[in-house]
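Quick notes on the structure that follows.
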Amino acid sequence: MIKVGLTGNIGSGKSTVAGVFETLGVPVYHADTEAKKFLDSKDVRESLKKKFGSEIFEKGKINRRMLAGLVFNDKQALGFLNSLIHPLVGKDFEKWVGVHSLAPYVVQEAAILFESGFYKMFDKVITVISTPGQAVRRVMLRDDVPEEEVVRRMKNQWPAEKKKELSDFVIYNDNSKLVIPQVIDIHRQLLLLGR
């Protein structure tokens, strides 16, 4: 079985691409979604309370918007949060892979695959690329946040060109090519490799 990492900067459309792989019957692990679940674990909550104080809690739950505001403006705070969450996601992914061991290949969708160093765990990496302008507009619409907030989040990610250099496949989601035929082409290649 081949393990494939799927990444791209915020607003690139990697979730849309992940959905196409799922439609093709490929098991996809959504690392960012799973990571949010670990925020509610007791150990993570305790560590966050020690680090950031009880102000980040609202009615006993983590105020995710407030936490995001803290970590996206402070690289050390972001590093701390990632040091809590990434090992938990890594273990969970390995367990998940075991469940899908008969698939020719599996995909993990993750925003900061390169920044976290996790790209080294994968046999192949796919990066989704769009123009910065398109990405900003998508995130503003999706998250209902101002442009400055999106740009601030983007600064925590590697440039798309750097990710492109380290990737085995690149999918352009910038209106220059249709996305689905690009995914199908990569899917065929991965099926051959996974046999």
- Query: Which residue pairs have Cβ atoms closer than 6 Å, lie 6 or more positions apart in sequence or on different chains, and pair a first residue in region 132-150 that is under 18 Å from Ala160 (Cβ atoms) with a second residue that is in a loop (DSSP other than H, G, I, E, B) and not polar (S, T, N, Q)?
  - Reply: Ala135/Gly11; Arg138/Gly11; Val139/Ile10; Val139/Gly11
- Message: I'd like to know if region 85-103 contains one or more residues that are closer than 20 Å to Thr7 by Cβ, of a type in the set (Asp, Glu) and touching a residue at least 12 places away in the same chain (Cβ under 8 Å).
- Response: yes
- Counted residues in region 164-184 being surrounded by 17 or more Cβ atoms within 10 Å (Cβ to Cβ), of a type in the set (S, T, N, Q) and over 11 Å from Ser12 (Cβ atoms) come to 2
- Message: Being under 30 Å from Ile186 (Cα atoms), touching a strand residue (DSSP E or B) at 6+ places or on another chain (Cβ under 7 Å) and of a type in the set (Lys, Arg) is the requirement here; does Lys124 meet it?
- Response: yes
- Say we look at region 120-139 and pick out the residues that are over 22 Å from Gly69 (Cα atoms) and of a type in the set (Lys, Arg); which of these is modelled with the lowest pLDDT? Lys120
- Item | Residue identified as over 30 Å from Gln189 (Cα atoms) and at pLDDT below 85 among Lys37, Lys59 | Lys59
- Tell me, yes or no, whether region 168-183 has at least one residue that is without any contact (Cβ under 8 Å) to a residue 40 or more places away in the chain, of a type in the set (S, T, N, Q) and touching a strand residue (DSSP E or B) at 6+ places or on another chain (Cβ under 8 Å). yes
- Note on the structure: When region 112-126 is checked residue by residue, the ones that are in contact with a Gly (Cβ under 8 Å, 6 or more places away or on another chain) and either closer than 12 Å to Trp158 by Cα or of a type in the set (Phe, Trp, Tyr) (or both) are Leu113, Phe118, Tyr119, Phe122
- Test: Glu46 is farther than 22 Å from Phe122 by Cβ, of a type in the set (Asp, Glu), free of Cβ contacts under 8 Å to residues at least 12 places away in the same chain and in a helix (DSSP H, G or I): yes
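For the condition over 13 Å from the mean Cα position of the chain (by Cα), under 30 Å from Ile180 (Cα atoms) and among the acidic types (Asp, Glu), what is the one hit in Asp40, Asp92, Asp74?
From the options Asp40, Asp92, Asp74, the qualifying one is Asp92.
Name the single residue, out of those in region 140-195 being closer than 23 Å to Tyr119 by Cα and acidic (Asp, Glu), that is modelled with the lowest pLDDT.
Glu161
The values are calculated or read from the model by the stated rules, or taken from the named source; none is laboratory data. This structure is a prediction, so every number in the text was calculated from the model and none was measured. Positions of Cβ are backbone-derived with ideal geometry, glycine not excepted, and every protein chain shown enters the neighbour counts.
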